[in-house]
Amino acid sequence: MTDRYVSPLSERYASKEMQYIFSPDKKFKTWRKLWIALAEVEKELGLPITEEQIEELKAHQDDINYEVAKEREKEVRHDVMSHVYAYGVQCPKAKGIIHLGATSCYVGDNTDIIVMTEALLLVRKKLINVIAELAKFADEYKDLPTLAFTHFQPAQPTTVGKRAALWLNDLVMDLDDLDYLISTIGLLGSKGTTGTQASFLELFDGDMDKVRKVDPMIADKMGFSGCYPVSGQTYSRKVDSRVVNVLAGIAQSAHKFSNDIRLLQHLKEVEEPFEKSQIGSSAMAYKRNPMRSERMASLANYVMSDVMNPMLVASTQWFERTLDDSANKRLSIPEGFLAIDGILDLYLNVVDGLVVYPRVIEKHMMAELPFMATENIMMDAVKAGGDRQELHEKIRELSMEAGKNVKVHGLDNNLLELIAADPAFNLSLEDLEKSMDPQKYVGCAPAQVSFYLEEVINPLLERNKSVLGMTAEINV
């Protein structure tokens, strides 16, 4: 189909699994499941609905007559009633009890909740697999010293694995938010035109006890623990806002990771995967652009900006219901999920193929380590009889001189030679070079990674081992 717009989220980025969750087929099959659940509940609560009618509904649950529904919608301009009609054509015996007592939001809103919940579970599965892959990377490189950066200026060393633990920790916070959201999400149930269940009170001849059983029974049949206790015609649109906020949290974490990888790739210390026949630039054949990380950042920007959509919708709903949410929801919710799905596939693919260059990391480290080691050097000089305040000033002056040699004259860092030549320190060049072991300056970083993996990540992965083992292929 080349003569009309096609969303890149489906063509290029999102998985088939996530696309199906938001497909028309998934939506309309869920509508029919909800109509069956409603009929069963009404029968169980005493309304004159027969088992034969319910079996007829079940027999045509999945073979949707789309053409009949489309033709009917052209005539009546109402999607739900068109599908009620089409279902009735297939189920003549049950025709009269389909959608009994319900409003359009019974199928529309409950389906939205069901679809979002399934999508959240897929996001959760992918997020846990990214955590698992990143944990392997953190463990493998927990002892490898590397320059840390504050303000993107060289700072006290850390390890490659410790930096990965920072990425991991962001994702664990996202998982906590995701799990809380999933644990608190509920169905709308069947609340009626303004949320009062007046139609059910009529159907059950004023029997409030039966009316109160409708929602819990529907929820149970649809695999949910319950429904929201009160609503207008729709579930509160704050639910959509909560959902997209959690997606945006994952996008924030992914963006930060992708930024770090892009900067590390510039430094030639760590690279994202680059395939044998991949082209980095149409003009510069030598280039190895971090295109996966750049795409992660780009999609993350989209998801983070998408947060405004459900916020605006939720804040401007009038009283019990207005319809200015519909067009926005059709765009913002599915596309937010499709984008985060693409992000997590990219994240998993990148982490799985990260390439680390220890020699380059060591070279950069050794160029800066004399500056990092000055505190230790000063302490050694004090032990050898020097004056701490005098030595501090001398180190400051010599560091400025060494820095000038590097920045202005393009020379190697000669701070150690300058210190060795100053009698105030009473230290030989050989003594000073002995202090140039990067492992001495990473502090507790390796142990922190080990403790974090043992105490937080490994138990998390053990609890979720049934969803592990995913891989991700990138379309382009």
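Computed quantities for the displayed model
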item	result
From the options Asp220, Asp179, residue that is of a type in the set (Asp, Glu), farther than 30 Å from Leu461 by Cβ and not in a loop (DSSP other than H, G, I, E, B)	Asp220
Criterion violated by Asn376 - all others in (1) closer than 22 Å to Ala148 by Cα; (2) modelled with pLDDT of 85 or more; (3) not basic (Lys, Arg) satisfied	(2)
Any pair with Cβ under 6 angstrom, 6 or more apart, that starts in segment 141-158 at a residue that is at pLDDT below 95 and ends at one that is in a strand (DSSP E or B) and of a type in the set (Phe, Trp, Tyr)	Ala155/Phe149
Residue list for segment 344-386, restricted to those being among the small types (Gly, Ala, Ser) and either farther than 18 Å from Arg262 by Cβ or part of a helix (DSSP H, G or I) (or both)	Ala367, Ala373, Ala381, Ala384, Gly385, Gly386
Count - residues of segment 415-432 that are over 15 Å from His392 (Cβ atoms), in a loop (DSSP other than H, G, I, E, B) and free of Cβ contacts under 8 Å to residues at least 40 places away in the same chain	3
Enumeration of residues in segment 302-343 that are in a loop (DSSP other than H, G, I, E, B) and either without any contact (Cβ under 8 Å) to a residue 60 or more places away in the chain or in contact with a Phe, Trp or Tyr (Cβ under 7 Å, 6 or more places away or on another chain) (or both)	Thr316, Trp318, Thr322, Leu323, Asp324
Filter result for the condition that a residue is at pLDDT 90 or above, in contact with a Lys or Arg (Cβ under 7 Å, 6 or more places away or on another chain) and within 30 Å of Glu133 (Cα to Cα), over Val449, Val456	Val449
Any chance Gln61 is touching a His at 6+ places or on another chain (Cβ under 6 Å), of a type outside the set (D, E, K, R) and without any contact (Cβ under 8 Å) to a residue 40 or more places away in the chain	no
Output for segment 36-57, where each listed residue is surrounded by fewer than 16 Cβ atoms within 10 Å (Cβ to Cβ) and free of Cβ contacts under 8 Å to residues at least 60 places away in the same chain	Pro48, Thr50, Glu51, Glu52, Glu55
Meets criteria (outside any helix (DSSP H, G or I), farther than 24 Å from Pro310 by Cα and modelled with pLDDT of 95 or more) for His99	yes
Qualifying positions in segment 280-326 - within 16 Å of Cys105 (Cβ to Cβ), modelled with pLDDT under 95 and small (Gly, Ala, Ser)	Ser326
Of residues in segment 206-252 being touching a Pro at 6+ places or on another chain (Cβ under 8 Å) and among the small types (Gly, Ala, Ser), the one surrounded by the most Cβ atoms within 10 Å (Cβ to Cβ)	Ser241
Qualifying residue in segment 166-179 (condition: closer than 30 Å to Asp437 by Cβ and surrounded by 19 or more Cβ atoms within 10 Å (Cβ to Cβ))	yes
Flag for Glu67 being of a type outside the set (S, T, N, Q) and loosely packed, with under 13 Cβ neighbours inside 10 Å	yes
Near pairs, Cβ below 6 angstrom, 6+ apart or cross-chain, from segment 251-271 (assigned by TED's automatic domain parsing to the domain that holds Glu335) to any residue that is charged (D, E, K, R) and part of a helix (DSSP H, G or I)	Ser253/Asp170; Ser253/Asp174
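For (1) touching a Ser or Thr at 6+ places or on another chain (Cβ under 8 Å); (2) surrounded by 16 or more Cβ atoms within 10 Å (Cβ to Cβ); (3) not aromatic (Phe, Trp, Tyr), each residue gets a yes or a no:
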| position | (1), (2), (3) |
| --- | --- |
| Arg396 | no, no, yes |
| Ala402 | no, yes, yes |
| Leu411 | no, no, yes |
| Phe425 | no, yes, no |
| Val442 | yes, yes, yes |
| Glu455 | no, no, yes |
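The values are calculated or read from the model by the stated rules, or taken from the named source; none is laboratory data. Please read these numbers as outputs of a predicted model, since none were measured by experiment. Cβ coordinates were reconstructed from backbone atoms using ideal geometry, including for glycine residues, and neighbour counts include every protein chain displayed.
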